[in-house]
Amino acid sequence: MEVTDDQTRAKLVTWWSSIIGVCLVIIMGSIFVTRAYLVRRGYEMENWRPPHIARLETDLNAVNRDGREVSLGQLRGKIYVAGYQYTDCPAGCLGLAAVMKTLQVEFGSDPRFHLVSISVNPGADTPEKMDAWVKEKGVDSPNWWFLTGKPQEIADYMISQFKFYGTEEITDPALVASQGRFAHDQRLAIVDGDANVRGYYDVLNVQRGQIEVERLRRDLKMVLNPELKLSDLMPVNPAPDTSPVNSREP
């Protein structure tokens, strides 16, 4: 049976119409899926909260610089920023204390806010020595604990509960003179009222230290004020960084 030109054209039209129809369905489906993704992504970003990265499952008993026996469990219901420092550190610990002091100035009037500095070298950091250091450096505040205690208990706690890495002792005399005796974790951590670690902040990082400080301030505001949304605050990064990357001295 001979196929006419009209039949051939009709078949071509039908074929191309089918192709175009399929393409339109694919395009419209892609637009719908993309729009749904963007709406969902926008909702998640707008309602983002600092994540629960770790949890302090056990308590830490220690001695504050004023000689009082205290425990981290006493801070349940408060939001605190914790750092790992020691008084003989000639470098990074002073930087950590400076950042924490700025947090004290900004958030210290909130009765829920607290600061905790835990000694890297509790064998040498007596309460009296820590108290003298605090007053010398001008970081004397009643809602800022400087804790010492049993060296092994503190070291184990910082690794197992705070998820900080172990401290390494420096033996090179030249490095000890310039950097101190210990290479230790220099991040700050936010702990919420239920003993959850809500973020780690590499505030002394050479490349991104200031961004980390601003990220810390933003997340601290959000933990202290659960009603806040990202749009209420100046953005720091396109996406919140939840990585528990370690930083240490040196």
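The values are calculated or read from the model by the stated rules, or taken from the named source; none is laboratory data. As the structure is a computational prediction, the values presented were derived from the model and not from experiment. Backbone-built Cβ (ideal geometry, glycine too); neighbour counts: all protein chains shown.
Once region 45-61 is narrowed to residues that are touching a helix residue (DSSP H, G or I) at 6+ places or on another chain (Cβ under 7 Å) and at pLDDT 95 or above, the residue that is surrounded by the fewest Cβ atoms within 10 Å (Cβ to Cβ) is Asp59.
Filtering region 143-177 to residues that are among the β-branched types (Val, Ile, Thr), in contact (Cβ under 8 Å) with a residue 12 or more places away in the chain and closer than 20 Å to Leu94 by Cβ leaves Thr148, Thr167, Ile170.
Listed by position, the strands (runs of 3 or more DSSP E) enclosed by region 134-200 that each have at least 1 residues that are surrounded by fewer than 21 Cβ atoms within 10 Å (Cβ to Cβ) and in contact with a Lys or Arg (Cβ under 7 Å, 6 or more places away or on another chain) are 182-185.
Here is a check on your reading of the model: is Leu224 of a type outside the set (Lys, Arg) and surrounded by fewer than 18 Cβ atoms within 10 Å (Cβ to Cβ)? Criteria met by Leu224.
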